[in-house]
């Protein structure tokens, strides 16, 4: 009897652990409540705001034309929303989830952040681990320049990234800057990815059908505009502080 109880307990614990894995239990998740009232009309910055888009909400409830004319994706990280446009007409609003550090800009591999800036869809994977996936062209030229200055990548890797972006191809994904940032399925409910953009499978299916390689993707923090400090890796700050301390003590060139 005791052995049977232990076996049952073990099975229950095993099932619980499986359901906690990223991407599992899609149908079991309680979806966050999103309301159109929470979306300000000028949330996308001047370049991607349209004072008329609120009058076009009828498109949200109609089948998407295939192919979609001039598709464009805008992601607001703070609001956890992906906007799909056809030209300047809003066609869809999808709830999304991100990684464990959803609001900060991505700096390097493994930081759990989603990059910010202007990208494009550089690949389409119909057999992704998370249903289907649209690859994003991270790192961008700006990310590559920052990475080169911070010592994360070599000049050769920098040149490879620039060449890929200039030719509309997928940039190298396996440098210290990280990569393989995708818009994929797997479900929503909490920020469970490693920095990717997760949607419900049916939403990714729609995106997959109406977008192609080259579709622009704009990712913004959604935070209020303010003077942003330059992003610096903690190790760089430590090195700079050590050098400053050496100089103040008159110990030029000598390790502390």
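The numbers here are math on the coordinates, done by the rules we state, and not lab data. These numbers come from a predicted model, not from an experiment. No Cβ is skipped: glycine too gets one built from the backbone with ideal geometry, and neighbour counts run over all protein chains shown.
Some observations on this one:
- Relative exposure of 167, 80, judged by other C-beta atoms within 10 Å (fewest first): 167, 80
- Relative contact order, percent, segment 65-224 [alpha-carbon distance under 8 Å, six or more residues apart]: 33 percent
- Measuring nothing but alpha carbons in segment 65-224 and taking Rh as the Kirkwood radius, the Rg to Rh ratio lands at 0.95.
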